[in-house]
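In what follows, a structure is listed as structure tokens, so that the remarks can point back to it.
The values are calculated or read from the model by the stated rules, or taken from the named source; none is laboratory data. Values in this document were obtained by computation on a predicted structure and should not be read as measured data. Methodologically, a virtual Cβ is constructed for each residue, glycine included, from the backbone with ideal geometry; neighbour enumeration extends over all protein chains shown.
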Amino acid sequence: MSLSNKALQLDDEQRLLHFLTIDGLDRSILTEILDTAEGFTGVSERTIKKVPLCRGKVVANLFFENSTRTRTTFELAAKRLSADVLNLNISASATSKGETLLDTLRNLEAMHVDMFIVRHATSGAAHFIAQHADPGVGVINAGDGRHAHPTQAMLDMFTIRRHKGEFVGLRVAIVGDILHSRVARSQILALNTLGVSEVRVVAPQTLLPSDARSLGVHVYHDFDEGIRDVDVIIMLRLQKERMRGAMLPSEHEYFSLYGLTERRLALAKPDAIVMHPGPINRGVEMDSKVADGSKSVILQQVSYGIAIRMAIISMVIGTQNQRTQEVAV
Amino acid sequence: MSDNTTFMQADGVESLIDVMAGKIWTLINDKEIADPLMVGIRTGGVWLAERLHQELGLRDPLGTLDISFYRDDFTRIGMNPEVHPSDLPIPVDDRHIILVDDVLHTGRTIRAALNEIFDYGRPASITLATLVDRSGRELPIQPDVTGLHPSLDPDQHITLIGPEPLGLILGAKTNRTSRGDEQDRDA
């Protein structure tokens, strides 16, 4: 799996062709993404919030699943690179996958779209599109099923690096619904690749995947124990829409066991930061006082999401450009 | 990258910078510019601008530009893997800017830098100062102040090395077609 992920995502010179999963990418390419994003952070503060890098390119937001934040930040990122953006919200229930997905792809390619940003409820959908896309067309995974959400993980890494400087020596706790979270999977891979000292996951047994320990994490069921002396706390959204049956007793009970309160936050390091991929279920995953408190960097994550997505879009388009020219020669 | 020879050593470069500082001083006096804003282009232009900024005793902090997002060869060579943020700490609107780069060759870097500056605002004027003004121009861009006009063959490549000590080296032209190569900064 990881070899094919590498081969699909990188060209011979280790440049990004597609961005589908953290799996198969090494520390140097993740660092290059973070460094490139650093260059884009100032663009949002200028008179003209645009650079001409992707002028004349067409980026299609192909969202088979609802999203506000991710789609909007991808759209803004592409527009700040001067690309033209198509937003396509396609109801997943109306398509029968496979053939229909390919049909959609072929139709958009006929309109000379240069990049697909794909969100889909099925794991592997973005891979499928990348494998079938024409040379010169890049694909970015904006979340596929329970599998991966690599741009969210990278914006989280960017937020951590901006606050903590280095990854080495950090202790990070990811708290909540690990089982249903594509964000958590991508974060764990990214944190371990970037060399943090310890990744902890804190969750009830029912919200942990059975192979949790094989992901390279320390598992905690007790939140107070799991949060002790950590540098970074990443709270996950309780994915109520993905849950079936009695995985949780009640939201109230969940909050009492796994909700982040000021009392619990005091157990972490004094300079700890609190992150959340949004949208927050206030009073379920965390107390409003924490969400809006001085240690919360949740809104910065949204801003950094634009810079990270600008970096990934431009790196992929840059590599794909070169690929078409090599084909032309 | 191989077969580089020294073209000029540190003391030679430093004295060229002194001469440039004098010329800039005369020029801004002639133009009656009271308070110019100096902006260096990464990487060599910033080293040069730091020295000029100090010699001229300019009041406002030095700005730096990384023109990677404005390059005209992005579609050919992709993203520069070593991008840094541009940093213009003072608003450029209605300011007289002294733009500084190490080597003026094709003029494409300066074209990119001018475009980037205008995305920050509308300056009153821009004056161009380069250490080396070499042949090979592809755009109608000329320096206002320069240190040196060497006569070079088209396949020769002159580069400022630094930041400490500064020096000019001469080598065969490198095209940045792969990631291992030096970025072609003379554009």
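Anything in the stretch B:126-175 that is assigned to a loop (DSSP other than H, G, I, E, B), touching a Phe, Trp or Tyr at 6+ places or on another chain (Cβ under 7 Å) and surrounded by fewer than 16 Cβ atoms within 10 Å (Cβ to Cβ)? List them, or say none.
Filtering the stretch B:126-175 for residues assigned to a loop (DSSP other than H, G, I, E, B) gives B:134-144, B:149-155, B:162-166, B:173-175.
When the remaining residues are screened for being touching a Phe, Trp or Tyr at 6+ places or on another chain (Cβ under 7 Å), the result is B:162-163, B:166.
Correct list: B:PRO163 only.
When only residues in the stretch B:69-87 that are more than 7 Å from chain A (Cβ to nearest Cβ) and buried (at least 20 other Cβ atoms within 10 Å of the Cβ) count, which is nearest to B:LEU114 (Cα to Cα)?
B:ARG71
Taking the options B:ASP66, B:ASP101, name whichever one is in contact with a Ser or Thr (Cβ under 6 Å, 6 or more places away or on another chain), crowded, with 21+ Cβ neighbours inside 10 Å, more than 14 Å from chain A (Cβ to nearest Cβ) and of a type in the set (D, E, K, R). So that I can check it myself, show each step before the final result.
Numbers: B:ASP66 fails: more than 14 Å from chain A (Cβ to nearest Cβ).
Going through B:ASP66, B:ASP101 in turn, the sole match is B:ASP101.
Give just the number: which of (1) more than 22 Å from A:PRO204 (Cα to Cα); (2) exposed (fewer than 15 other Cβ atoms within 10 Å of the Cβ); (3) touching a residue at least 40 places away in the same chain (Cβ under 8 Å) does A:GLN320 not satisfy?
Answer for A:GLN320: the failing condition is (2).
Do you know which of the residues in the stretch A:21-42 that are at the interface with chain B (Cβ under 9 Å from one of its Cβ atoms) and without any contact (Cβ under 8 Å) to a residue 40 or more places away in the chain is farthest from the chain's Cα centre (by Cα)?
It comes out as A:GLY42.
With respect to A:SER123, is the statement that it is in the same structural domain as A:SER28 (by TED's automatic domain parsing), hydroxyl-bearing (Ser, Thr, Tyr) and surrounded by fewer than 24 Cβ atoms within 10 Å (Cβ to Cβ) true?
Numbers: in the same structural domain as A:SER28 (by TED's automatic domain parsing): yes; hydroxyl-bearing (Ser, Thr, Tyr): yes; surrounded by fewer than 24 Cβ atoms within 10 Å (Cβ to Cβ): yes.
So A:SER123 fits the description; yes.
If you take the residues of the stretch A:281-317 that are charged (D, E, K, R) and either within 14 Å of chain B (Cβ to nearest Cβ) or in contact (Cβ under 8 Å) with a residue 40 or more places away in the chain (or both), which of them is nearest to A:ASP231 (Cα to Cα)?
From the stretch A:281-317, those charged (D, E, K, R) are A:282, A:285, A:287, A:289, A:292, A:295, A:309; that's our starting set.
Still in the running and either within 14 Å of chain B (Cβ to nearest Cβ) or in contact (Cβ under 8 Å) with a residue 40 or more places away in the chain (or both): A:285, A:309.
Details: A:GLU285: 19, A:ARG309: 25 Å.
Restricting to residues being charged (D, E, K, R) and either within 14 Å of chain B (Cβ to nearest Cβ) or in contact (Cβ under 8 Å) with a residue 40 or more places away in the chain (or both), the top hit is A:GLU285.
Please work out which residue is farthest from the other protein chains (Cβ to nearest Cβ), limiting yourself to the stretch A:52-70 and to residues that are buried (at least 17 other Cβ atoms within 10 Å of the Cβ) and not hydrophobic (A, V, I, L, M, F, W, C).
A:GLU65
For residues that are outside any loop (DSSP other than H, G, I, E, B) and away from every other protein chain (no Cβ under 14 Å), scanning just the stretch B:104-116, find the one that is farthest from B:VAL145 (Cα to Cα).
From the stretch B:104-116, those outside any loop (DSSP other than H, G, I, E, B) are B:104, B:108-116; that's our starting set.
Going one step further and asking which of them are away from every other protein chain (no Cβ under 14 Å), we end up with B:104, B:109-110.
Numbers: B:LEU104: 11, B:THR109: 17, B:ILE110: 14 Å.
Checked the stretch B:104-116; the qualifying residue farthest from B:VAL145 (Cα to Cα) is B:THR109.
Can you say whether A:VAL219 is in a strand (DSSP E or B), closer than 23 Å to A:TYR254 by Cβ and under 20 Å from the mean Cα position of the chain (by Cα), as far as the supplied structure shows?
Numbers: in a strand (DSSP E or B): yes; closer than 23 Å to A:TYR254 by Cβ: yes; under 20 Å from the mean Cα position of the chain (by Cα): no.
It is false that A:VAL219 is in a strand (DSSP E or B), closer than 23 Å to A:TYR254 by Cβ and under 20 Å from the mean Cα position of the chain (by Cα).
The rows are residues; the columns are (1) of a type in the set (S, T, N, Q); (2) within 10 Å of A:ALA60 (Cβ to Cβ); (3) surrounded by 24 or more Cβ atoms within 10 Å (Cβ to Cβ); (4) at pLDDT 90 or above.
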position: A:SER91; (1), (2), (3), (4): yes, no, no, no
position: A:ALA94; (1), (2), (3), (4): no, no, no, no
position: A:GLU99; (1), (2), (3), (4): no, no, no, no
position: A:LEU102; (1), (2), (3), (4): no, no, no, no
position: A:ARG106; (1), (2), (3), (4): no, no, no, no
position: A:MET115; (1), (2), (3), (4): no, yes, yes, yes
position: A:HIS127; (1), (2), (3), (4): no, no, no, yes
position: A:ALA133; (1), (2), (3), (4): no, no, no, yes
position: A:ASN141; (1), (2), (3), (4): yes, no, yes, yes
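Would you confirm whether any residue within the stretch A:43-51 is assigned to a helix (DSSP H, G or I), on the phi < 0 side of the Ramachandran plot, at the interface with another protein chain (Cβ under 7 Å from one of its Cβ atoms) and not aromatic (Phe, Trp, Tyr)? Give the steps one after another, and end with the answer.
To start, the set of residues in the stretch A:43-51 that are assigned to a helix (DSSP H, G or I) comprises A:43-45.
Right, trim to on the phi < 0 side of the Ramachandran plot and you get A:43-45.
The next check asks that each one be at the interface with another protein chain (Cβ under 7 Å from one of its Cβ atoms); those that pass are none.
Scanning the stretch A:43-51, I find no residue that is assigned to a helix (DSSP H, G or I), on the phi < 0 side of the Ramachandran plot, at the interface with another protein chain (Cβ under 7 Å from one of its Cβ atoms) and not aromatic (Phe, Trp, Tyr), so the answer is no.
When A:LEU8 is evaluated against the numbered criteria (1) touching a residue at least 60 places away in the same chain (Cβ under 8 Å); (2) farther than 21 Å from A:VAL302 by Cβ; (3) in a loop (DSSP other than H, G, I, E, B); (4) out of contact with any Pro (no Cβ under 9 Å at 6 or more places or on another chain), which criterion, by number, is the only one it fails?
(3)
Check B:ASP93, B:ASP119 and return the single one that is outside any loop (DSSP other than H, G, I, E, B), of a type in the set (Asp, Glu) and either farther than 20 Å from B:LEU56 by Cα or within 14 Å of chain A (Cβ to nearest Cβ) (or both). Steps first, answer last, please.
Numbers: B:ASP93 fails: outside any loop (DSSP other than H, G, I, E, B).
After ruling out the rest, the residue left standing is B:ASP119.
From B:GLY40, B:GLY22, B:GLY44, which residue is over 15 Å from the mean Cα position of the chain (by Cα), closer than 24 Å to B:THR159 by Cα and more than 14 Å from chain A (Cβ to nearest Cβ)?
One residue alone meets the criteria, B:GLY22.
Can you pull out every residue in the stretch A:281-300 that is surrounded by fewer than 23 Cβ atoms within 10 Å (Cβ to Cβ) and under 21 Å from the mean Cα position of the chain (by Cα)?
From the stretch A:281-300, those surrounded by fewer than 23 Cβ atoms within 10 Å (Cβ to Cβ) are A:281-284, A:287-289, A:291-300; that's our starting set.
Residues satisfying the conditions are A:ASN281, A:ALA291, A:SER296, A:VAL297, A:ILE298, A:LEU299, A:GLN300.
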